[in-house]
Amino acid sequence: MENLKRELLEVLEYEGIGYQPMLSCRGFRVAILNYHPELLTENIGNFQKHDQTDEAFILLRGKCMLFLAEDETLEKIHGVELEPCKIFNVKAGTYHTHTLSEDAMVLIVEADDTCDDNSPSIYIDDAVRGRLAEIAGLKK
């Protein structure tokens, strides 16, 4: 089996916290996103968009809510609860962020050259974080 893995198959896994790129191939990147305290609604720091490409999220376990903003004003924010084994494709140019449960694992597929240079961020304040908590059903 070890020869098989070394010569024909690569098995990758990640159980750490936060985001970890796992594989790059022909222009795309596969990453794992696990729970991190920074992803609690009260700690989320920004919304980000990718100017050039879409980004796909696939929930493997736990819970994940995507927050999608209609534009850079962040006036209209929508919450979408990911469903296991379904592909949720955030379109290029859409400001987004997310929150995860402690047991969550999300597979992310994005362009390999996705970086801060082509992914502007909007930093948020406590008022926006409070709205995210309301959308997620964490605050009444």
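The values are calculated or read from the model by the stated rules, or taken from the named source; none is laboratory data. Please read these numbers as outputs of a predicted model, since none were measured by experiment. Because the Cβ atoms are built from the backbone with ideal geometry, glycine has one as well, and the counts that use them run over all protein chains shown. Surface areas here come from the heavy atoms of the whole protein model, side chains and all, with no ligands, DNA or RNA. Shrake-Rupley method; radii C 1.70, N 1.55, O 1.52, S 1.80 Å.
Name the shape class, rounded, prolate or oblate, that the alpha-carbon gyration tensor gives for the range 60-134, where a ≥ b ≥ c are the square roots of its eigenvalues, rounded holds for a/c under 1.5, and otherwise prolate holds if a/b is larger than b/c and oblate otherwise. It comes out oblate by the Cα gyration axes.
How large is the convex hull of the C-alpha atoms of the chain per residue, in Å³?
Working: hull volume 16.2 nm³, N = 140.
Looking at the chain, the number lands at 116 Å³ per residue.
Under 5 Å from the amide H of Ile124 lie the amide H atoms of Asn46, Phe47, each residue being 5 or more positions distant or on a separate chain, with H modelled from the backbone and absent for Pro and chain starts.
Compared with the dominant Cα axis of the chain, that is its longest principal axis, helix 126-135 is turned about 70°.
Rounded to the nearest 20 debye, the dipole magnitude of the range 60-118 is 380 debye, with +1 charges on Lys and Arg beta carbons, -1 on Asp and Glu beta carbons, and the Cα centre as origin.
In the chain, helical runs assigned H by DSSP with n ≥ 4 each contribute -39500 (n - 2.57); averaged across all residues and rounded to the nearest 500, the mean residue ellipticity at 222 nm is -3000 deg cm²/dmol.
Along the range 65-78 the Karplus relation, 6.51 cos²θ - 1.76 cosθ + 1.60 evaluated at θ = phi - 60°, assigns HN-Hα couplings of 10, 8, 10, 10, 9, 5, 7, 5, 6, 6, 5, 10, 10, 10 Hz to successive residues, with x for each Gly and Pro. Surface composition of the chain: carbon plus sulfur atoms hold 51% of the accessible area, using a 1.4 angstrom probe and ignoring ligands, DNA and RNA.
Rounded to whole numbers, the Karplus 3J(HN,Hα) couplings from phi for the range 37-44 are x, 4, 9, 5, 4, 6, 10, 4 Hz, using 6.51 cos²θ - 1.76 cosθ + 1.60 with θ = phi - 60°, and x at Gly and Pro.
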